[in-house]
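Each remark here refers to the structure printed beneath this line.
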Amino acid sequence: MQVELQIGTLVLDGFPQVDFERMAAAFRIELTRLIGERGVPETLYESSQEESIQLDPLMLPRGAGPEAIGVQLAQSLYERLRSSINKTTLTEI
């Protein structure tokens, strides 16, 4: 099975000096790991073009690097998709 998840724009408030390429790489690796280990969240089985998803604030230690940010973003997104009962309630990421 192949899953394609496309993120057009990622808005991160409060991260002025993040290496976005390293963060994005860590995000992709972690999300791939989560899907491989836990399966595809049911919300992704349906073709959807949600305009945006709002994630809960990340709890990062001061000075967290881009890899840690990417991993937490992936975990937060995966949990949000997994626990989403009503996709129409999702708002902005």
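Quick notes
- Pair list, Cβ under 8 Å, 6 or more apart: the range 58-84 residue over 13 Å from Leu34 (Cα atoms), other residue of a type in the set (Phe, Trp, Tyr) and modelled with pLDDT under 90: Pro66/Phe20; Ile69/Phe15
- Scanning the range 1-55 for residues that are open to solvent by less than 30 Å² (accessible area, probe 1.4 Å) and modelled with pLDDT under 75 gives a single hit, Thr43.
- When Leu58, Leu77 are screened for being outside any helix (DSSP H, G or I), aliphatic (A, V, I, L, M) and modelled with pLDDT of 70 or more, only Leu58 passes.
The values are calculated or read from the model by the stated rules, or taken from the named source; none is laboratory data. The structure displayed is predicted, hence computed values, not measured ones. Quick reminder, even Gly has a Cβ in these numbers, built from the backbone with ideal geometry, and neighbours come from all protein chains shown. Surface accessibility is based on the protein's heavy atoms, side chains included, excluding ligands, DNA and RNA. Shrake-Rupley method; radii C 1.70, N 1.55, O 1.52, S 1.80 Å.
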